[in-house]
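Down below is the structure, laid out as structure tokens.
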Amino acid sequence: MSLKSVSNPEKNVAELEFTIDKPAFDAAVNKAYRKNVGQMNIPGFRKGKAPKAIIEKMYGKGVFYEDALQELIPPAYQEALTESKIDAVSAPEYDVDTIDENGVVVKAKVFVKPEVELEDYSGFEIDREIIPVKEEDVDREVERIRNRNSRTIEVTDRAAAMDDTAVIDYMGFNDGVAFEGGEAENYSLKLGSNTFIPGFEDQIVGHVIGDEFDVNVTFPEEYHEESLKGKPVVFKVKLNAIKMTQLPELDDEFAKDVSEFDTLDEYRADLRRKLEESNKNHADMHVETAVIDKLLEKMTVEVPEPMYAAEQENQLRDFDNRLRMQGMDLSTYLKYTGMDLDAMRAQFRPQAERQTKTRLALEKVAALENIEVSDDDLEKEYEEIAKRYSVDLEQAKSIPADTLKEDIKIRKALDAVKSKAVITDVEAKPEEHDHDHAHDHEAENTDNTEETAVENKAEEENE
């Protein structure tokens, strides 16, 4: 192989012209002949015994060229690409220019990483909004832990009350006729959860085990079943059991049971510290997002479409991997959501564009700041990966060093931009951080919620 020339016929596109010498091409043609002759029937010759010259005379001199070129061009292109030092971001489009007594001349057109222009990125002014931890925040966390350590007990000495779980049989009647989907046996209903039609749960309160009674309710006007919209119905109900959740006493023994602390005060202090740390991490994430937003505003770049497409595919693969970890796969997910693959890709497009631009901007920062990754940096990263995923260090080192170095360099570049920013700690206003937390929670759980919904649907169909 010999690289002849490199040109730029259009922006972010390079064309490499390279040659394959005649001996190498002739050897590949002979190899293609030996590979295919056994399947060729030539009059006057036993199958697989026809000479190459006879076959070429019958089918044309180029009969074996395609197979030969398929074998030769990819490695020759890789050599040319390495020699040219071009940073390709797409698969090449090949064009065989000539095949003659001198060998083969090939042109390969490929998209390349774009040039990035970056204005001054020092002095970004960013507020680091830290949510203060209040006593009621600690209370909520304690209650969450209490509920996680609660136990369910049977109630036999009183009537059902709100917050109890009533185990009931029921059957619904519309104008005296039982309607489809309106019956169940031994259904556990948390009273006060508002999971049933308004008024249903209220009418169970006050009844004791063994009671059989009517519950009169009216379906909402917006109910999904047309025949029941706004209809008054009667449910025949039998109360089979009453259960209640018993929380552990909130004392020092509770603290000893759920933590390494001896007193409730010590445990609460530790919870406060953890909540404060979590809020600071939350604030740091917002700062990082703000830094990237401002950095992208300073960048000018024309991104080739293949870069966006490649990132979309990366995100699609990551999503498929997350589904597989939950016992599903992408094809099943698409089936239950009614989406097609193109619609799924489209959902990833905005994030793919942002990720691509962010990486380009930080690569430019790394170049401007002369950021390097040392062997020590790389070793620490491998150790961190091994620790994070509970694998041996040697397993972690199966990740290519070059790939890991690029990721480390990107992180260092982001740290460099943050170090130049003017970051001011401020206390987040209650209405702001309530909204932010709700938004973040929704964003963090979008994929999981969708996946869980699909899993539930799959389970229903398998029952």
Within the stretch 155-194, track down each residue that is touching an Asp or Glu at 6+ places or on another chain (Cβ under 8 Å) and of a type in the set (S, T, N, Q). Asn186, Ser193, Asn194
Would you say Val167 is part of a helix (DSSP H, G or I) and of a type in the set (A, V, I, L, M)? no
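Residue by residue through the stretch 194-226, note down the ones that are of a type in the set (Asp, Glu), within 27 Å of Ala241 (Cβ to Cβ) and part of a loop (DSSP other than H, G, I, E, B).
Asp211
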Which numbered condition trips up Lys4, out of (1) in contact with an Asp or Glu (Cβ under 7 Å, 6 or more places away or on another chain); (2) buried (at least 17 other Cβ atoms within 10 Å of the Cβ)? (2)
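Look at Met325 and say whether it is surrounded by 12 or more Cβ atoms within 10 Å (Cβ to Cβ) and among the aliphatic types (A, V, I, L, M).
Numbers: surrounded by 12 or more Cβ atoms within 10 Å (Cβ to Cβ): no; among the aliphatic types (A, V, I, L, M): yes.
Spelling it out, it is not the case that Met325 is surrounded by 12 or more Cβ atoms within 10 Å (Cβ to Cβ) and among the aliphatic types (A, V, I, L, M).
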Just one of Asp440, Asp407, Asp377 is at pLDDT below 90 and assigned to a helix (DSSP H, G or I); which is it? Asp440
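Residue check: is Glu56 surrounded by fewer than 18 Cβ atoms within 10 Å (Cβ to Cβ) and within 30 Å of Glu297 (Cα to Cα)?
Values: surrounded by fewer than 18 Cβ atoms within 10 Å (Cβ to Cβ): yes; within 30 Å of Glu297 (Cα to Cα): no.
No: the conditions fail for Glu56.
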Does Glu17 count as closer than 30 Å to Pro306 by Cβ, acidic (Asp, Glu) and part of a helix (DSSP H, G or I)? no
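Among the listed residues Lys412, Lys387, Lys335, identify the single one that is at pLDDT 95 or above, surrounded by 11 or more Cβ atoms within 10 Å (Cβ to Cβ), assigned to a helix (DSSP H, G or I) and of a type in the set (D, E, K, R). If you could, list the steps in order and put the result at the bottom.
Details: Lys387 fails: at pLDDT 95 or above; Lys335 fails: at pLDDT 95 or above.
From the options Lys412, Lys387, Lys335, the qualifying one is Lys412.
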Failed item in (1) part of a helix (DSSP H, G or I); (2) touching a residue at least 40 places away in the same chain (Cβ under 8 Å); (3) not acidic (Asp, Glu), with Val237 passing the rest: (1)
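Residues are listed down the side, and each one gets a yes or a no for (1) in contact with a helix residue (DSSP H, G or I) (Cβ under 8 Å, 6 or more places away or on another chain); (2) small (Gly, Ala, Ser); (3) within 30 Å of Ser259 (Cβ to Cβ):
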position	(1), (2), (3)
Phe124	yes, no, no
Thr165	no, no, yes
Glu183	no, no, no
His207	no, no, no
Asp211	no, no, no
Looking at the stretch 287-297 only, could you name the residues that are farther than 11 Å from Ile423 by Cβ, within 21 Å of the chain's Cα centre (by Cα) and touching a residue at least 12 places away in the same chain (Cβ under 8 Å)? Ile292
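Considering only residues that are free of Cβ contacts under 8 Å to residues at least 60 places away in the same chain and either part of a loop (DSSP other than H, G, I, E, B) or of a type in the set (D, E, K, R) (or both), which ones fall in the stretch 355-374? Steps first, answer last, please.
Just the residues of the stretch 355-374 that are free of Cβ contacts under 8 Å to residues at least 60 places away in the same chain, to begin with: 355-356, 359, 366-367, 369-374.
Residues satisfying the conditions are Arg359, Glu369, Asn370, Ile371, Glu372, Val373, Ser374.
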Cβ contacts < 7 Å: first residue in the same structural domain as Ala310 (by TED's automatic domain parsing) and more than 17 Å from Gln312 (Cα to Cα), restricted to the stretch 324-344; second residue surrounded by fewer than 15 Cβ atoms within 10 Å (Cβ to Cβ) and not small (Gly, Ala, Ser), any location; separation 6+ or different chain. Result? Tyr336/Lys457
So, Val303, is that one more than 21 Å from the chain's Cα centre (by Cα) and assigned to a helix (DSSP H, G or I) or not? no
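Pick out the one residue from Ser193, Ser227 that is surrounded by fewer than 11 Cβ atoms within 10 Å (Cβ to Cβ), at pLDDT below 95, polar (S, T, N, Q) and more than 29 Å from Pro132 (Cβ to Cβ).
It is Ser227.
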Looking for something assigned to a helix (DSSP H, G or I), at pLDDT 95 or above, surrounded by 11 or more Cβ atoms within 10 Å (Cβ to Cβ) and out of contact with any Cys (no Cβ under 7 Å at 6 or more places or on another chain) - is there at least one such residue anywhere in the stretch 419-426? yes
By residue number, the members of the stretch 326-385 that are closer than 19 Å to Tyr121 by Cα and of a type in the set (Asp, Glu) are Glu363, Glu369
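Look at Glu363 and say whether it is closer than 19 Å to Lys418 by Cα, exposed (fewer than 14 other Cβ atoms within 10 Å of the Cβ) and touching a helix residue (DSSP H, G or I) at 6+ places or on another chain (Cβ under 9 Å). Lay out the reasoning, then the answer.
Values: closer than 19 Å to Lys418 by Cα: yes; exposed (fewer than 14 other Cβ atoms within 10 Å of the Cβ): no; touching a helix residue (DSSP H, G or I) at 6+ places or on another chain (Cβ under 9 Å): yes.
It is false that Glu363 is closer than 19 Å to Lys418 by Cα, exposed (fewer than 14 other Cβ atoms within 10 Å of the Cβ) and touching a helix residue (DSSP H, G or I) at 6+ places or on another chain (Cβ under 9 Å).
The values are calculated or read from the model by the stated rules, or taken from the named source; none is laboratory data. As the structure is a computational prediction, the values presented were derived from the model and not from experiment. Neighbour counts run over all protein chains shown; Cβ positions are idealised from the backbone, glycine included.
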